[in-house]
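**Q** Got a structure for you, questions after.
The values are calculated or read from the model by the stated rules, or taken from the named source; none is laboratory data. What you see is a predicted model, and the numbers here were worked out from it, not measured in a lab. Glycine gets a Cβ as well: all are built from the backbone with ideal geometry, and neighbour counts include every protein chain shown. Areas reflect the complete protein model, heavy atoms only, side chains present, ligands, DNA and RNA absent. Shrake-Rupley method; radii C 1.70, N 1.55, O 1.52, S 1.80 Å.
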Amino acid sequence: MAEMNENREEEKAEGAAAADQTPGHESALTRDPDDASNALARVQQIFERLEDLPENKRQKKESGENEEKSEAAPVTPEAAEELREICEKLHPSDIAWVLEALPLDERLALWNFVKSERDGEILIEVNDGVRETLIDAMDRDELVDAVETLDTDEIADLVPDLPPDVTAEVQETLSLEERSQLRAAMSYPEDSVGSRMDFEMVSVREESTLAAVLAYLRRFDSLPDHSDKVFVVDRHGHFKGTLLLTKILVSDPDSLVRDLMQKDVLTLSPLDDVGDAAQAFERYDLVSAAVVDETGRLVGRLTVDEVVDVIREESEEDAYGAVGLDEDQDIFSSVWETAKSRWLWLGVNLCTAFFASRVISAFDETIEKVVALAALMPIVAGMAGNSGNQTLTLLVRSMAMGQVTESNAPEVVRREVMVAICNGILCGLVAGSLAWLLYADTAQGMKLGFVMFLAMMLNILLGAVVGVAVPMLLKALGRDPAMGGSVLLTFMTDSGGFLIFLSLATVFFR
């Protein structure tokens, strides 16, 4: 086993050295934002040329008959060389983006031409749905080799998707310190700082001189990514403060660390919510922050690259959650699996639609008496839905930013109600006037205008109340405030709008 690991290390070193000499490595340092888009276009063109191959035609037919079967699309030697060249020149994040945009057979075909030493980096970058398809296509040895190239915090991210035997073998290859770090990262909740922190950091003692610190830093081949500071600790590893690298470079080398370090700095607990930590990074323009446990010991650091990922993930989660979708879903997954994942909220929506139809049918006599009501009903519901969505979006974002608290929640509700009343009166006047003008040649024109005004105002007010109440109620229940908000809001503004409008019409057109 020791000899095998030694050989693997030699292969990794040779691969890294080769990468440094390739145009791909240089382009990774000066890559164009359009690299991924251009690469995707080239890959799609290659697979379009291969579609006429008999093997591909047969496989597509078999795939249509059995969606559970997934095989890489057949590739000619010329196409293989092109695909290999494309992969070599792309950054791992760009390869991940291209893989997510390809159908399953083409994705697996391209995955075969990615260098094995880059597999781990790419698996970290792709979303959970795509990662599952790639891991299923790899054998046990390939998975072990891919995971071994990663840092312990990155391995912890992959562990939930890995077979237990692969995780066990990878742990055996780690040092005692790395094994301890991996267990620590896996022990923290998924959305905590501890699950996202980096264990690679530079720490120095407070009694050291800057000359000693500089000599210590020169012993590193390179500093950990996003190192803007070193962390100051005592002999027992307790956190004391930070020292900026810029301070080290411009200060007197004979100065002591304790005289130049910053003591009043932001520190995070491993159990802190990572979303709250992301807000702190945004507020204080941080690049990295110390993670300190309950005993005061420095256990890791959180870096801005993880924070950017957190912000993106939370934004996607809110956007997808509002309509009941899973943000990590593979857009090219099985039609049957995708359909099943959407049943819940579609079922809710279907029930709410039938409920709204029953509200309308309860006023059949009124609609038969004033047919114009049928044409005006969607306007009342649609305007309230749009207004309510504005309130809902504002509340969800503000709650995600931690700006809505128990103390200011009543003021937020009062303000949104007042805004809704103002908008309801304005939109109601406009809608009522237009309804009056449209039906001015009938005896019911003026009454229609007044009913339209009242219904519009009341339904916009209802939309605002629901837009505020839904996220607050979900949060109180411990659920995501954005989950299904749009579906629930649509139900209330449609059913409520029809009920308000037709009830008023029944009163006025007796």
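**Q** Name the residues in the stretch 291-319 that are surrounded by fewer than 19 Cβ atoms within 10 Å (Cβ to Cβ), in a helix (DSSP H, G or I) and not charged (D, E, K, R), would you?
**A** Answer for the stretch 291-319, where residues must be surrounded by fewer than 19 Cβ atoms within 10 Å (Cβ to Cβ), in a helix (DSSP H, G or I) and not charged (D, E, K, R): V304, V308, I311, S315, A319.
**Q** If you don't mind, there's one more thing I want to ask. Considering the stretch 405-437 alone, what residues qualify as being of a type in the set (V, I, T) and in contact (Cβ under 8 Å) with a residue 24 or more places away in the chain?
**A** Passing the criteria: V412, V413, V417, V419, I421, I425.
**Q** Identify the single condition in (1) within 23 Å of V170 (Cβ to Cβ); (2) open to solvent by 50 Å² or more (accessible area, probe 1.4 Å); (3) not acidic (D, E) that L143 does not satisfy, given that it satisfies every other one.
**A** (2)
**Q** Residues of the stretch 237-290 being of a type in the set (A, V, I, L, M), farther than 20 Å from L223 by Cβ and not in a loop (DSSP other than H, G, I, E, B), which ones?
**A** Once the filter is applied, which keeps residues that are of a type in the set (A, V, I, L, M), farther than 20 Å from L223 by Cβ and not in a loop (DSSP other than H, G, I, E, B), the stretch 237-290 yields L256, L268, V274, A277, A278, A280.
**Q** Output the number of residues of the stretch 146-170 satisfying the condition of being under 14 Å from R118 (Cα atoms) and open to solvent by 30 Å² or more (accessible area, probe 1.4 Å).
**A** The number of residues fulfilling the criteria is 4.
**Q** Is the stretch 255-266 home to any residue that is open to solvent by 10 Å² or more (accessible area, probe 1.4 Å) and within 30 Å of the chain's Cα centre (by Cα)?
**A** Within the stretch 255-266 (the criterion being open to solvent by 10 Å² or more (accessible area, probe 1.4 Å) and within 30 Å of the chain's Cα centre (by Cα)), the answer is yes, since at least one residue qualifies.
**Q** Sticking with this one: Filter the helices (runs of 4 or more DSSP H) completely within the stretch 364-463 down to those with at least 2 residues that are within 30 Å of V274 (Cβ to Cβ).
**A** Those helices (runs of 4 or more DSSP H) span 372-400, 409-438.
**Q** Within the stretch 320-333, how many residues are open to solvent by less than 40 Å² (accessible area, probe 1.4 Å) and either modelled with pLDDT under 65 or not in a loop (DSSP other than H, G, I, E, B) (or both)?
**A** 3
**Q** Same structure again: So, in the stretch 107-116, of the ones that are of a type outside the set (S, T, N, Q) and at pLDDT 90 or above, which residue ends up most open to solvent (accessible area, probe 1.4 Å)?
**A** F113
**Q** What are the residues in the stretch 452-480 that are over 19 Å from R414 (Cβ atoms) and open to solvent by less than 50 Å² (accessible area, probe 1.4 Å), if any?
**A** Within the stretch 452-480, M452, F453, L454, A455, M456, N459, L474, D480 meet the criteria.
**Q** Given the criterion more than 27 Å from I331 (Cβ to Cβ) and out of contact with any strand residue (DSSP E or B) (no Cβ under 6 Å at 6 or more places or on another chain), identify the matching residue among L110, L182, L134, L150.
**A** Step by step, each of L110, L182, L134, L150 is checked, and only L182 is more than 27 Å from I331 (Cβ to Cβ) and out of contact with any strand residue (DSSP E or B) (no Cβ under 6 Å at 6 or more places or on another chain).
**Q** Now for a separate question. If the Cβ limit is 6 Å and pairs must be 6+ apart or interchain, which residue in the stretch 262-283 that is among the polar types (S, T, N, Q) pairs with which residue that is buried (at least 16 other Cβ atoms within 10 Å of the Cβ) and at pLDDT 95 or above?
**A** Q262/G241; Q262/T242; T267/A290; T267/V292
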